[in-house]
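**Q** Following this message is one structure expressed as structure tokens.
No lab work stands behind these numbers, since they all come straight from the coordinates. If you're wondering where the values come from, they're calculated on a predicted model, not measured in any experiment. Quick reminder, even Gly has a Cβ in these numbers, built from the backbone with ideal geometry, and neighbours come from all protein chains shown.
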Amino acid sequence: MSDDADLDDVAPGGRGVDIAAGLCLAALALFALLWLIPNHTQPADSQFDVAPGFFPNLAAGTVLLLSVVLLARRWRQAPSGGGGLQVITEMAVWTALAVAIMLALSKLGFLVMAPVVIAGAMVFSGNRTWWLIAAMALVFPLAVEGAAWVIFTVDLP
Amino acid sequence: MIESLLAGFEAAFTLVNLAFIAAGVTLGILIGAIPGLGSVTALAILIPITFYMSPLPAIAFLVGVNKGGTSGGAIPAILLNSPGTPEAAASAFDGYPMTQRGEAKRAMKYALYSSVTGDMISDVLLIILVVPFAAVALQFGPLEYTAILIFAFSLLAGISSSSPTKGLIAIFGGVFLSTIGLDPVDSTQRMTFDQVNLYDGLSISAVAIGCLALASVIEQMFDLKRQQSAAAAAGQSQSKGRTALPIGEFFSHWKTIGRSALIGSGVGMLPGLGVTLAAFLSYGAAKRASAEPESFGKGNPQGIIATEAANSAVVGANLVPTIALGVPGNIAAALLIGAFIIHGIVPGPFMMTMHGELIYALFASMLMANGVHLVIGKLGIPIWSLVAKTPKSVILPPVLILCIVGVYLPGQSLFDVGVMLAFAGVGLAMRRTGFPVVCLVIGFLLGGMLETSLRQSLLLHKSDLSAMLGSPIALAFLALTAFVLVRAFRRAPKEAS
């Protein structure tokens, strides 16, 4: 590839974020190739055609190869951009929220989880119209629960 | 054929039939607009309603549902950048930037007109080509399918990101995820950790809704948090853009409309390739053919036209293998086959001779359904446009809840909800780091098909891939793959700079 090709991977996130992403992806691909696929794909070979692990290995191997290509290209570029901390913060916040939503949904039920999530999300997004927040948090989950039962005959958890 | 079609119109043009078509299109649009509940779910839910109906209104109703459900997915994609189905993802590329410019109504009109036009072209092709094209479709074996899918992946990597490397990583990541579950040949477990929930693999709707719709919702909420209340109170459209779309202006894009409808029809006639592939192949073709490819993804209406005309064209064309061979083109067509059988019609080579009158009445109903779709869609645009004027801080939280409910409803599985929440995080990280989320989803969606066709090819040709040289179709697609990849890597630096 020419020098131009080095610019191929210019994208949101900047050089540092891309290098971190490349390293993470390469590590994940190695994890899949060395531990996950060999230990959790049975049997090792097939009497009919290629082994069941052939295609996962092919996909993970390609990801590893492309991650190395991404790393090599971005490594040679001048430092640019940033935003790595933002990605990590947002991921941490979302992980905590997702766990809370799952726990609330499974332990307390939809009619408890949904109003809290709607109200919380509206406030988080900057809405401060309290009557609207209260109305949305109360009416919307009830409407959805009712519609799910009437239309799909499904009882939400 | 003309006489048969006229007789079909005579049978189909009744008030009852029109009412059922209208009801089907309306319900299809409403259900299709909810993230996670596309045309397939709409059909699955509504088929039992047709049990007590006579065959023609029943099938016409379901065809209306399918048409409405396919175009309904474009609504959240354009208004909220939250495509509810993978096939609508490309509509968001240009539809959402138009909404941000205050042109939501125009974008939705483009989507509706393209959808109806693409559908109409595909229906006409269905009527003309149903028998001869079925014979061509039989020429496509596993080798040809493998080549088409590899071509589709290379095209996707080239169009969906400024970095083809990132696009390819995302695609193969998706392909890897698609291998979780039971092996398609040996039925042995692969990376399931003895979890029954994983035997069928990760749920497609959970991965797609998590990565595409929910990740977009979360991203927008984080952005709102940064901008805080000023933008939240101001509503989505900061500026008032054009809302009118004269029909002449729409048809000035006739080349894109025609090309996309043909791509959608071609893909639809080949069993199994599906709506999403058609949408992205068409988007890529429109971008490559455009004099301003850099304007795609920034609110170029041709992006919407290409996507919607192609994915709607699949709806009619899918019935070619369904009617001619009894082989469903996709899940929606498989459900329609079920409905045919319930009503005493056995799809297959004898369908045209045994039920010719009914089939031509069905063709007439499909053409009528396009007119009904246009009217109902136009009536709905002002209502949907209100969403664009409502502050995001009011719209996004209910969409988050709808995503959860939309994924829970089909399988009633909390595991799927958990998978969706996890993939929302993956989608968010990918969006923030410039990896194209849509590549991951389509890699996941088509990965199983690629594996099956590749392994069938290896079995058929005793692992000798030089058999590709004996298939002109496969060779042509592989040559196109090489061309598209080289072009994508050469163009990427220019676009990025």
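**Q** Which of B:Ile148, B:Ile345 has the fewest other C-beta atoms within 10 Å, and how do the rest follow up to the most?
**A** Fewest-to-most Cβ neighbours within 10 Å comes out as B:Ile345, B:Ile148.
**Q** Ok, one more. Counting only other chains, what is the mean number of Cβ atoms within 10 angstrom of the Cβ of each residue in peptide A:117-123?
**A** Partner-chain Cβ atoms within 10 Å, mean over residues of A:117-123: 5.
**Q** Now for a separate question. Percent relative contact order of segment B:19-141, based on C-alpha pairs within less than 8 angstrom and at least six residues apart?
**A** Taking the mean separation of contacting Cα pairs over the length of segment B:19-141, I get 23 percent.
**Q** What are the ³J(HN,Hα) values, in whole Hz, obtained from phi via the Karplus relation 6.51 cos²θ - 1.76 cosθ + 1.60 with θ = phi - 60°, for each residue of segment B:246-259 in sequence order, with x given for Gly and Pro?
**A** So the J values, rounded to whole Hz, are x, 4, x, 5, 4, 6, 5, 9, 4, 5, 5, 4, x, 4.
**Q** Let me ask another. Show that you can apply the helix-only estimate: for chain B, add -39,500 (n - 2.57) for every DSSP H stretch of four or more residues, divide by all residues, and state [θ] at 222 nm to the nearest 500.
**A** -24000 deg cm²/dmol
**Q** Where a ≥ b ≥ c are the square roots of the eigenvalues of the C-alpha gyration tensor, would you call chain B rounded, which needs a/c under 1.5, or, failing that, prolate if a/b is larger than b/c, or oblate?
**A** On the way: a/c = 1.38, a/b = 1.10, b/c = 1.26.
Because its axes are fairly even, with a/c under 1.5, chain B counts as rounded.
**Q** So, in Å, what gap is there between the alpha-carbon centers of segment A:85-143 and segment B:15-74?
**A** Their Cα centres are 32 Å away from one another.
**Q** What list of ³J(HN,Hα) values in whole Hz, one per residue of segment B:460-469 in order, does the Karplus curve 6.51 cos²θ - 1.76 cosθ + 1.60 (θ = phi - 60°) give from phi, with Gly and Pro shown as x?
**A** Values per residue, Gly and Pro as x: 5, 9, 6, 6, 9, 6, 5, 4, 3, 5 Hz.
**Q** Please go through the residue pairs B:Lys109/B:Lys392; B:Lys109/B:Lys166; B:Lys287/B:Lys378; B:Lys67/B:Lys378; B:Lys67/B:Lys389 and name each one whose alpha carbons sit more than 24 Å apart in this structure. Don't skip to the end; give the middle numbers.
**A** Working: B:Lys109/B:Lys392 22 Å; B:Lys109/B:Lys166 33 Å; B:Lys287/B:Lys378 27 Å; B:Lys67/B:Lys378 15 Å; B:Lys67/B:Lys389 27 Å.
Correct reply: B:Lys109/B:Lys166; B:Lys287/B:Lys378; B:Lys67/B:Lys389.
**Q** What average count of beta carbons from other chains do you get within 10 Å of the Cβ of residues in B:209-219? It would help to have the intermediate numbers written out before the result.
**A** Values: counts 0, 1, 0, 0, 0, 2, 1, 0, 1, 6, 2.
The per-residue average across the peptide is 1.
**Q** Listed highest first by mean packing, meaning other Cβ atoms within 10 Å per residue, what order do B:434-442, B:246-254 come in? Walk me through the intermediate numbers first.
**A** On the way: B:434-442: 26.7, B:246-254: 12.6.
The most tightly packed comes first, giving B:434-442, B:246-254.
**Q** How well do other chains shield peptide A:92-100, expressed as the mean number of their Cβ atoms within 10 Å of each residue Cβ?
**A** For peptide A:92-100, the averaged partner shielding equals 4.
**Q** A further question on this structure: So how do B:68-80, B:309-321, A:98-110 stack up, highest first, on mean other-Cβ count within 10 Å? Write down the numbers at each step before the final one.
**A** Details: B:68-80: 30.5, B:309-321: 33.0, A:98-110: 15.5.
Ranked from most to least packed, the peptides come out as B:309-321, B:68-80, A:98-110.
**Q** Another question, if that's okay. Sort B:Ile169, B:Ile49 so that the residue with the fewest other Cβ atoms within 10 Å of its own Cβ comes first and the one with the most comes last.
**A** Ascending number of Cβ neighbours within 10 Å: B:Ile49, B:Ile169.
**Q** A follow-up question, please. Amide H of A:Thr41 versus every other amide H placed in the peptide plane: which residues, excluding those fewer than 5 positions away on the same chain, fall under 5 Å?
**A** Hits under the 5 Å cutoff: B:Met191.
**Q** Using Cα-Cα distances under 8 Å and only pairs 6 or more residues apart, what relative contact order does segment A:84-152 have, in percent?
**A** That works out to 25 percent.
**Q** Under a Cβ-only charge scheme (Lys and Arg +1, Asp and Glu -1), can you give me the dipole magnitude of chain B about the Cα centre, in debye to the nearest 20?
**A** Using only the charged Cβ atoms, the result is roughly 1680 debye.
**Q** While we're on this one: How large is ³J(HN,Hα) for each residue in segment A:121-128, as worked out from phi by the Karplus curve 6.51 cos²θ - 1.76 cosθ + 1.60 (θ = phi - 60°), to whole Hz, x for Gly and Pro?
**A** 5, 5, 5, 4, 7, x, 7, 10
**Q** Still on this structure, I have one more. Below 8 Å between Cα atoms, with a sequence gap of 6+, how large is the relative contact order for chain B in percent? It would help to have the intermediate numbers written out before the result.
**A** Details: 955 pairs, mean separation 145.8, N = 497.
Relative contact order comes out at 29 percent.
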